[in-house]
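K.L.:
If you scroll down you'll find the structure; I have some questions about it.
The values are calculated or read from the model by the stated rules, or taken from the named source; none is laboratory data. Keep in mind the model is a prediction, meaning the values are calculated, not measured. Every residue, glycine as well, gets a Cβ built from its backbone with ideal geometry; the counts of neighbours run over all protein chains shown.
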Amino acid sequence: MRSLTMRRLLAAGLAVLIGLSARAADDIKLPSDAEAVVVVNIKSLLDSKLVKDYNLVTAAKGLLKTQDAAKVLEALGLDPFTDLDSLVITAQGDPSKGGRVLILANGSFDTKKIAATAEKSADIKVHKVAGTAVYEVPVQGGGVTIYGALSDRQLVFSNDKEFAADCATGKGLGKPGKALKAALDKLSGKETVAITALVTDEMKKALAANEQVAQVAEKLTAVTGGVTVTDGVEMIVRGHTADEKAANTIQFYLVALKLGANALVEKQKGLPPGTKTLVKAIQVGADKSSAWVSLKITPELIKELQKSGDDKDK
């Protein structure tokens, strides 16, 4: 019998990705000043063998129904499991200090129906920005407002009204900046979820406050990460550096953290089933310009984790 615990964990992960929501960098139009990008290839995720084998879509739909986002999606007539192909999320600066966040939802949906539904809603205000309709959507909890706009096969959301309008018309999108493009090119383009972030001067200052990483903070240029879902899951996070010495130093710290984690889980009691197995499966490495940490969860490992969960439930 398949472990319900494992299935729930996998379904929760799927629901989170859908609730957020890769293509190669050359195929994506981004704001030129973007400093961080997350790309979720939803179609690839839902078509993966892992998702199908464990019937995770059904479980994820149940979990998503409990989220506030589900009500918005239902009101707009959107089914993220059938209508969305991919999500692109970008950030520039600190949103709490005037920085901009952008979410591009790509897929097949009836934009006219969405616009009509939004205009009828008592909770949504409609603005006109240079002839483009922008929908102001308050977020529960207060203090945050999201602005949405529509374009062909794309829903655009941002914390900046004018920026949302510009991106919906294509004016705010184009080629990424040189530094971000260089970081994006380090990804394979096959990731189900791809994450790229430049290490800005502000971030370097924050890192330098930690004595252990201060010596490599200045050399860190970008962080990339990827999650590839097939019949298993492969995850990797890579810190890119200006030279090999900095990469080796980061690797040293990562190895120390892994050894510490191994020692901790060996002593700790009451951990979730499979925790020790997962920690031991973590790999650390480095090359001339980066250091990385990875985890490969094979189908065999998933079965082992299932068995651990089943044994504990007996």
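K.L.:
Take the stretch 279-295 and flag every residue that is surrounded by fewer than 16 Cβ atoms within 10 Å (Cβ to Cβ) and not polar (S, T, N, Q).
P.N.:
280, 281, 285, 287, 288
K.L.:
Looking at the stretch 255-266, I want the residues that are farther than 18 Å from residue 291 by Cα and have a partner that is among the charged types (D, E, K, R) and surrounded by 13 or more Cβ atoms within 10 Å (Cβ to Cβ) with Cβ atoms under 6 Å, at least 6 apart or on another chain. Which pairs are those?
P.N.:
From residues that are farther than 18 Å from residue 291 by Cα, the pairs are 265/276.
K.L.:
If you don't mind, another one. Is it the case that residue 264 is farther than 27 Å from residue 203 by Cβ and not hydroxyl-bearing (Ser, Thr, Tyr)?
P.N.:
Yes, satisfied.
K.L.:
Here's something else I'd like to know. For the stretch 138-153, which residues satisfy the criterion of being within 29 Å of residue 198 (Cβ to Cβ) and touching a Phe, Trp or Tyr at 6+ places or on another chain (Cβ under 9 Å)?
P.N.:
Of everything in the stretch 138-153, those that are within 29 Å of residue 198 (Cβ to Cβ) and touching a Phe, Trp or Tyr at 6+ places or on another chain (Cβ under 9 Å) turn out to be 146, 147, 148, 149, 153.
K.L.:
Looking at the stretch 1-115, what helices (runs of 4 or more DSSP H) fall wholly within it and have at least 2 residues that are within 30 Å of residue 178 (Cβ to Cβ) and either in contact with a Ser or Thr (Cβ under 8 Å, 6 or more places away or on another chain) or at pLDDT 80 or above (or both)?
P.N.:
Helices (runs of 4 or more DSSP H) meeting the threshold: 42-47.
K.L.:
Turning to a different aspect of this structure: Quick one: which residue in 233, 255, 237, 193 is touching a Gly at 6+ places or on another chain (Cβ under 9 Å) and either of a type in the set (Phe, Trp, Tyr) or more than 22 Å from residue 176 (Cα to Cα) (or both)?
P.N.:
Criteria check complete, one pass: 233.
K.L.:
Here's a follow-up. Return the pairs, sorted by first residue and then second, in which the second residue is crowded, with 18+ Cβ neighbours inside 10 Å, the first residue lies in the stretch 88-105 and is on the phi > 0 side of the Ramachandran plot, the beta carbons are less than 8 Å apart, and the residues are 6+ apart or on different chains.
P.N.:
Matching pairs, first to second residue: 93/35; 93/100.
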